[in-house]
Amino acid sequence: MVEESIILFSINLFGYEFPVYLSIFIQWIIIFGTLVLSMLYSRQVKMIPGRVQGLVEMGIDFLNGVVEDNMGEGKKKFVPYIGALGVYLFLLNMVGLFGIKPPTADYSVTLGIGLTTFFIVQGYTIKKLGLVGYFKGYASPVAILLPINIMERIMLPISLSLRLFGNIFAATMIMELLYEALNGISFIATIGIPIPFHLYFDIFDGTIQMIIFVMLTMINIKITSEH
């Protein structure tokens, strides 16, 4: 059965208790783990790449191509963010393979990621167009669309977060119900039967939701900054 998000422990800061939930703790583990692996990898980079370095460089080249194809030339500055976002979401979604509720099945997590994309979109647009050009965009192409454009900007983090949360949460609930049903039959039934369901709901669906979130992020950066 998939575990519920629970408070693991609390941190006392300036007299206030801040609870650390399971979803937050899992994110810390993933961030720390990827950071350590990145540092170890950076020490092994050579002029003549080995097998691992070759695969990493192929992945980076592929990511460069995806960013240029979807955002246009001159957008390679976004490769680090798009790459980190994709890896982070993929790892968060894969947590369900270990019988633990994925952090992305917690709306506060997906909303935080959606807001991060939102601020990057707005910040880059202001940097590129300036404040005047940025606010002019709300009345583009005609001033009568001002309310709709404002609502569209506000809804960006909400739509991104709800789409990701809804799909992962639904998959998590299906797997939980499946384990409950199989456990009612026999413990042995819970060993092999759920494997194809994990392949679909965790690996396939988790990967698809990561791709959709990343693609929508790139598209929104491009469209908003070119209004």
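The values are calculated or read from the model by the stated rules, or taken from the named source; none is laboratory data. Since the structure is predicted, the reported quantities are computational estimates derived from the model, not experimental observations. Here the Cβ is made from the backbone with ideal geometry for all residues, glycine too, and neighbour counts use every protein chain on show. The accessibility values were calculated without ligands, DNA or RNA, using every heavy atom of the protein model including side chains. Shrake-Rupley method; radii C 1.70, N 1.55, O 1.52, S 1.80 Å.
Listing for the model above:
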item	result
Label-zone membership for segment 92-120, site A189, 7 angstrom Cα→C-beta point, backbone N under 14 Å	none
Spacing of the two label points (7 Å from each Cα toward its C-beta) at F119 and L37, in nm	2.6 nm
Unit charges at the beta carbon, dipole of the chain: most positive-side option, L156, L216, G54	G54
Centroid-to-centroid separation of segment 78-120 and segment 158-197 [C-alpha atoms, Å]	19 Å
Pairwise Lys count, the chain - Cα closer than 23 Å, eight or more residues apart or different chains	16
Helix-only mean residue ellipticity at 222 nm for the chain, each DSSP H run of n ≥ 4 adding -39500 (n - 2.57), per residue, nearest 500	-23500 deg cm²/dmol
Portion, in percent, of the accessible area of the chain that falls on carbon or sulfur, probe 1.4 Å	73 percent
Option label - percent of Cα pairs over 23 Å apart computed here, alternatives (1) 60; (2) 52; (3) 39	(1)
Per residue accessible area of the chain, 1.4 Å probe, in Å²	60 Å²
Distance cut-off 25 Å, percentage of C-alpha pairs in segment 9-123 lying past it	40 percent
Given the chain, longest segment not containing exposed loop chymotrypsin sites (Phe, Trp or Tyr not before Pro) (DSSP; at most 11 other Cβ within 10 Å)	15-186
Cα gyration tensor category, rounded, prolate or oblate, for segment 66-162 with a/c compared to 1.5	oblate
Dipole in debye (nearest 20) - segment 135-227, about Cα centre, beta carbon charges: Lys, Arg +1; Asp, Glu -1	440 debye
